1. In the stretch 144-156, what count of residues is obtained for those that are in contact with a strand residue (DSSP E or B) (Cβ under 6 Å, 6 or more places away or on another chain) and either surrounded by fewer than 16 Cβ atoms within 10 Å (Cβ to Cβ) or under 27 Å from L94 (Cα atoms) (or both)?
2. Residues in the stretch 82-90: is at least one more than 23 Å from I10 (Cβ to Cβ), open to solvent by 50 Å² or more (accessible area, probe 1.4 Å) and not small (G, A, S)?
3. Taking the stretch 194-214, which residues are within 15 Å of the chain's Cα centre (by Cα) and of a type outside the set (A, V, I, L, M)?
4. Hey, any hits in the stretch 31-47 for a residue that's within 21 Å of V215 (Cα to Cα), of a type outside the set (D, E, K, R) and assigned to a helix (DSSP H, G or I)?
5. Check V205 against each of (1) surrounded by 22 or more Cβ atoms within 10 Å (Cβ to Cβ); (2) over 27 Å from A100 (Cα atoms); (3) among the aliphatic types (A, V, I, L, M) and name the one condition it does not meet.
6. Kindly provide the set of residues from the stretch 61-81 that are open to solvent by less than 60 Å² (accessible area, probe 1.4 Å), at pLDDT 95 or above and not in a loop (DSSP other than H, G, I, E, B), ordered by number.
7. For the stretch 110-215, please list each of the helices (runs of 4 or more DSSP H) lying entirely inside it that holds at least 3 residues being at pLDDT 95 or above and within 18 Å of L232 (Cα to Cα).
8. Can you name every residue in the stretch 23-40 that is under 18 Å from Y66 (Cα atoms), in contact with a Leu (Cβ under 8 Å, 6 or more places away or on another chain) and open to solvent by 30 Å² or more (accessible area, probe 1.4 Å)?
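The values are calculated or read from the model by the stated rules, or taken from the named source; none is laboratory data. Note that this is a predicted model, so its numbers are computed, not measured. Here the Cβ positions follow ideal geometry from the backbone for every residue, glycine too, while neighbour counts run over all protein chains shown. Calculation scope for accessible area: heavy atoms of the full protein, side chains included, ligands and nucleic acids excluded. Shrake-Rupley method; radii C 1.70, N 1.55, O 1.52, S 1.80 Å.
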Amino acid sequence: MRTRPLVGVIACRREVEGHPAHMVTDKYLAALRDYGLAPVILPVWEDGMERDLLASLDGLLLTGSYTNVEPQRYGVERAPENTRDDPHRDAAVLRLIPAALDLGLPLLGICRGFQELNVVFGGTLHQALQQVPGRLDHREPEGDRETTYAPSHDITLVPGGRLAALYSAPTSRVNSLHQQGIAELGPGLVAEAVAPDGQIEAISVAGAPGFALAVQWHPEWKPREHPLHDALFLGFAAACQAHRVARTPQPLGA
C-alpha cells in the first residue's frame, strides 16, 4: 500500500541528444522526497493531460525554468531581453493549473510556476525587471552554484496571509534568480510577500480551500538549511498528506 503522497511535477520540454525530452532537474525531485513526498514527472503535451491522472495525485509542483511564458499569452509584445520559450509547457500548464485547482490539489509554484499562476488568472509580467524604473536587478549573481542560490534580498511577508501562517517571522532573506516578475497581479490572487522595491515575491489563490501558494524565489535549493523554505515545504507536505488521507477509502468499520 502506498503511504507517501504522490506529487506531480511539471516538466520542461528540451532537446536532448537530438530528441525532444520531458525533463525536471533533480533539486525539485530531491526536495519533495526529503519531505516525505513521492514525485512523478508530468509530461508537457499540448493537448493537455487526462483529468483522471490528476485525480490520482495528492499535490502539484510547478517548477522554475530557464524559459519564460510566451508574452502573447498575456497580451503583450515580446521584449528583446525575452529569448527563451517553451510553448509545449505553456500549452500544458495553462490547462493543468485550473484543472488542479478545481480538484482541490495542493499546489506549490516556484519561479516560472509563480509566473504561470499569475498568467492563468489574467495577470501580466514584466519581461525584464532590470529595465523597470525603481526595480532592483533580480537576476542571479555570477559565480558557482552556492553563490547563485545564496540569499540576495529581503522580503516582507503580508501579515495575516497564508505564507505568514506557515512562517511567523515578518521578514526573511531569499535568493533571486529571475529576470521576469509580476507586472499586474491576476484577479483572484493575493500578494503574500514583497521585495524592498515593491516587487511581488509570493502569491496565493484567494478562493482555494487548501494550499495554493507560489513564490518567485527558489526554496527547493537546500530547504532544510533555510527556515522559511523549510516551513514552506513542511506546509506543502502536510497539505499533500491531508489530501491523500481524505481521498483514500477507509476500511469498513474504521
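1. Let us first name the residues in the stretch 144-156 that are in contact with a strand residue (DSSP E or B) (Cβ under 6 Å, 6 or more places away or on another chain), namely 151, 154-156.
Right, trim to either surrounded by fewer than 16 Cβ atoms within 10 Å (Cβ to Cβ) or under 27 Å from L94 (Cα atoms) (or both) and you get 151, 154, 156.
Total meeting the criteria: 3.
2. We begin by selecting, within the stretch 82-90, every residue more than 23 Å from I10 (Cβ to Cβ); these are none.
Checking the stretch 82-90: not a single residue is more than 23 Å from I10 (Cβ to Cβ), open to solvent by 50 Å² or more (accessible area, probe 1.4 Å) and not small (G, A, S).
3. Of all residues in the stretch 194-214, those within 15 Å of the chain's Cα centre (by Cα) come to 200-205, 211-214.
The answer is E201, S204, F211.
4. Yes, some residue in the stretch 31-47 is within 21 Å of V215 (Cα to Cα), of a type outside the set (D, E, K, R) and assigned to a helix (DSSP H, G or I).
5. That leaves (2) as the condition not met.
6. L61, L62, P71, Y74
7. Details: elements: 112-120, 145-148, 162-166.
In the stretch 110-215, 112-120, 162-166 are the helices (runs of 4 or more DSSP H) which contain 3 or more residues that are at pLDDT 95 or above and within 18 Å of L232 (Cα to Cα).
8. Initially, the stretch 23-40 is screened for residues under 18 Å from Y66 (Cα atoms), giving 23-29.
Now narrow it down to the ones that are in contact with a Leu (Cβ under 8 Å, 6 or more places away or on another chain): 28.
None; the set is empty.
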